[in-house]
Amino acid sequence: MMPFAGGIDANPNATLLFSIAAAAIYALALELSPRLARSAAKTLAVGLLAVLAVMQGGPLLLVAALGLSAAGDAFLSRDGEKAFLGGLASFLAAHVAYIALFLKAGGGVGLLAADPWRGAIALAMAAFVIVMLAALWRRVGPALRVPIAVYVAAILAMGISALTTSYFWVIAGAVLFMASDGLLAAERFLLAAISPHRVWMRYAVWVLYYVAQLAITLGFLLS
């Protein structure tokens with residue numbers, strides 16, 4: 001059963017399937033050296049979700065967030081500090097778009113106090129990013145500390161703003177997004193270069209990230 005009307009041949013359903021296929025192809029090529037085909041698969045996975053959002057008349061902020069995320073994926077599919085900083089900037093902009101989207105769709109930050117479970121998750125998110133930032137601060141160079149601190153603040157704001165919405169899949173997506181970023185930071189900066197955990201963490205980062213973007217997208221388009 002497809003999520004959108006018209007069956008598997010309908011453009012929205014076909015676009016969703018192509019997005020999932022691109023995500024799977026990138027997962028299969030994840031351990032290969034950077035190359036154009038691998039970069040294309042990674043970029044298309046979320047880029048096609050942006051196309052799907054346009055097809056279904058989704059919010060412009062959702063389209064912008066997905067498009068910026070796809071640009072970030074393109075940067076992070078390459079090696080080097082410049083590519084990393086380009087990806088960081090793209091995802092920072094994506095999180096700003098998500099924050100604006102969630103706050104616009106949500107019922108206000110007062111919900112965090114009104115609903116204890118929302119407040120509890122918000123506190124857990126805050127504790128998570130504080131621990132993550134403290135660990136990273138000792139391990140990254142001075143040039144990266146401010147950009148990473150700004151990014152960590154943005155992803156916390158994204159997670160908390162998602163808690164103001166009534167969309168379960170959006171909240172779940174935000175939590176998975178934060179978990180993916182936490183694993184990515186640990187894999188990139190905290191693990192030893194020869195750690196055996198690097199392989200499974202890379203796969204976990206990608207799966208959590210893609211499912212997060214998919215959950216947020218469908219949370220808005222199917223609500």
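The values are calculated or read from the model by the stated rules, or taken from the named source; none is laboratory data. These numbers were taken from a predicted model, which means no experiment stands behind them. Cβ sites come from the backbone with ideal geometry, for glycine too, and all protein chains shown count toward neighbours.
Would a scan of segment 175-187 turn up a residue that is in a helix (DSSP H, G or I), at pLDDT 90 or above, of a type in the set (Gly, Ala, Ser) and surrounded by fewer than 16 Cβ atoms within 10 Å (Cβ to Cβ)?
Among the residues of segment 175-187, not one is in a helix (DSSP H, G or I), at pLDDT 90 or above, of a type in the set (Gly, Ala, Ser) and surrounded by fewer than 16 Cβ atoms within 10 Å (Cβ to Cβ), which makes the answer no.
List every residue pair whose Cβ atoms sit under 7 Å apart, with the two residues 6 or more apart in sequence or on different chains, where the first one lies in segment 86-102 and is in a helix (DSSP H, G or I) and the second, anywhere, is of a type in the set (S, T, N, Q).
From residues that are in a helix (DSSP H, G or I), the pairs are Phe91/Ser69; Ala94/Ser69; Ile99/Ser161; Phe102/Ser161; Phe102/Thr164; Phe102/Thr165.
Restricting to segment 158-194, what's the tally of residues that are of a type in the set (S, T, N, Q) and closer than 22 Å to Gly87 by Cβ?
Of the residues in segment 158-194, 2 are of a type in the set (S, T, N, Q) and closer than 22 Å to Gly87 by Cβ.
Which one of the conditions (1) in contact (Cβ under 8 Å) with a residue 24 or more places away in the chain; (2) in contact with a helix residue (DSSP H, G or I) (Cβ under 9 Å, 6 or more places away or on another chain) does Ala143 fail to meet, given that it meets all the rest?
Exception for Ala143: condition (1).
Would segment 17-35 turn up any residue that is surrounded by 20 or more Cβ atoms within 10 Å (Cβ to Cβ), touching a Pro at 6+ places or on another chain (Cβ under 9 Å), assigned to a helix (DSSP H, G or I) and not aromatic (Phe, Trp, Tyr)?
We begin by selecting, within segment 17-35, every residue surrounded by 20 or more Cβ atoms within 10 Å (Cβ to Cβ); these are 19, 22-23, 26.
Applying the additional criterion that residues be touching a Pro at 6+ places or on another chain (Cβ under 9 Å) yields none.
Looking through segment 17-35, none of the residues is surrounded by 20 or more Cβ atoms within 10 Å (Cβ to Cβ), touching a Pro at 6+ places or on another chain (Cβ under 9 Å), assigned to a helix (DSSP H, G or I) and not aromatic (Phe, Trp, Tyr).
Pick from Arg138, Arg198: which is over 28 Å from Ala70 (Cβ atoms), without any contact (Cβ under 8 Å) to a residue 24 or more places away in the chain, out of contact with any His (no Cβ under 9 Å at 6 or more places or on another chain) and surrounded by fewer than 18 Cβ atoms within 10 Å (Cβ to Cβ)?
Arg138
If we scan segment 104-126, do we find a residue that is at pLDDT 95 or above, hydrophobic (A, V, I, L, M, F, W, C) and closer than 22 Å to Leu68 by Cβ?
Checked segment 104-126: at least one residue is at pLDDT 95 or above, hydrophobic (A, V, I, L, M, F, W, C) and closer than 22 Å to Leu68 by Cβ.
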